[in-house]
Amino acid sequence: MAIPVIDFSKIEGDERAKTLAQIDGCCEEWGFFQLINHGISEELLERVKKVASECYKLEREPGFKNSKPVQLLNELIEKKSDGKVENVDWEDVFLLSDENEDDWPSRTSGFKETMKEYRVELRKLAIKVMEVMDENLGLPKGYINKVFNGGDNENAAFFGTKVSHYPPCPQPEMVNGLRAHTDAGGVILLFQDDEVKGLQILKDGEWIDVQPLKNAIVINIGDQIEVLSNGRYKSVWHRVFATPDGNRRSIASFYNPSFKATIEPATELLVKKDEETPAKYPKFAFGDYMSVYVEQKFLPKEPRFEAVKAI
Ligand code: OGA
Ligand code: NI
């Protein structure tokens, strides 16, 4: 089984209706899909891969060698334990946002310029994808983005980019690349390695690979879109496994609500043709949800909705 692949260029033209319907089906049944012909130039994507890999080699790899997961694994190996490293991930990661630009890696030539350019393009793609969701859900165009901006533009939505590497691991069965979780936020756009596998999603009780597809962008749904859609769209469990060879690169950009934004099932979806559907999720401030999420990221999401209701 493979994750569905959508030709996003078909969203304009004769096959628009069919493409919208395909994306709607992906959001309902998969929570994950890959976009090809998404409008981001291959030339830019090639540069992103190059600067990210160069940055890892120059600015990250030396630190990873002394990192917590490496130390913990070495301890287990020395003890000849057949246990597993718990509570940490075999991942090197840092975050890029508009707010922390002064702290971005600065020694890798072209890194900052290229990643800035990339983030501008990915942000535009996130907005396009959310507009497709608006339309598919029967909401006014721009609805999701407006909610994420706190209903006005004073509390701006958050756009972050996580640059991750999953370095080769001598004992991959003794660690997690990234423990299983659902994503907290809105829409996630992932640019994963062309070759090295690792990402899996839980589908009908089975873990299946998100197959590497050169220069595609993987889209997935976060918990907040699940709430807004009153459960029609689902955030899906995913994880990354560690591998003995290959340094998997993965660049995840996420478009999230402002911490001040109020999230609840869209009223338009609860009253349709005079029939009322009950709201399946509470109403809360996204910031409160995140306080719960930092404690419970690797646990099922349902108790998070319960916990946030009580705040
Ligand atoms: C994440 C995530 C997957 C990957 O950052 O939430 O699931 O492939 N990343 O890095
Ligand atoms: Ni995730």
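The values are calculated or read from the model by the stated rules, or taken from the named source; none is laboratory data. The shown structure was predicted, so the numbers you read here are calculated from the model rather than taken from an experiment. So basically every Cβ, Gly included, is an ideal-geometry build from the backbone, and we count neighbours across all protein chains shown. The accessibility values were calculated without ligands, DNA or RNA, using every heavy atom of the protein model including side chains. Shrake-Rupley method; radii C 1.70, N 1.55, O 1.52, S 1.80 Å.
Miscellaneous remarks
- Rg/Rh ratio calculated on Cα atoms of segment 1-146 (Kirkwood radius): 1.09
- Size of segment 190-311 from its Cα atoms: along the principal axes, largest to smallest, the extents are 54, 34, 28 Å.
- Cα long-axis angle, helix 68-78 against the chain (0 to 90 degrees, to the nearest 10): 50 degrees
- Nearest 10 degrees, 0 to 90: helix 286-296 Cα axis against the chain principal axis: 40 degrees
- Carbon + sulfur, % of accessible area of segment 79-171 - ligands and nucleic acids excluded, 1.4 Å: 45 percent
- Label point 7 Å beyond Cα of E15 along Cβ direction - residues of segment 37-67 with amide nitrogen under 13 Å: 37-38
- Here is the P(r) of segment 20-93: all C-alpha pair distances, binned every 10 Å from 0, give 15, 23, 23, 26, 12, 1 in whole percents.
- Paramagnetic label reach from E61 (point 7 Å along Cα→Cβ; backbone nitrogen cut-off under 20 Å): within segment 101-141, residues 105-112.
- Pairs of Cα atoms farther than 25 Å apart, the chain, %: 52 percent
- Shape category assigned to segment 97-229 from the gyration tensor of Cα positions, a/c cut at 1.5: oblate
- Those lysines that a straight Cα-Cα span of less than 24 Å connects to K57, excepting residues fewer than 8 apart in one chain: K49, K65, K68, K112, K116, K162, K197, K214
- Taking the C-alpha atoms only, the angle from helix 42-55 to the longest principal axis of the chain is near 40 degrees.
- Accessible area in square angstrom per residue, the chain, 1.4 angstrom probe: 48 Å²
- I36 accessible area, 1.4 Å probe, all protein chains in place, Å² to nearest 10: 60 Å²
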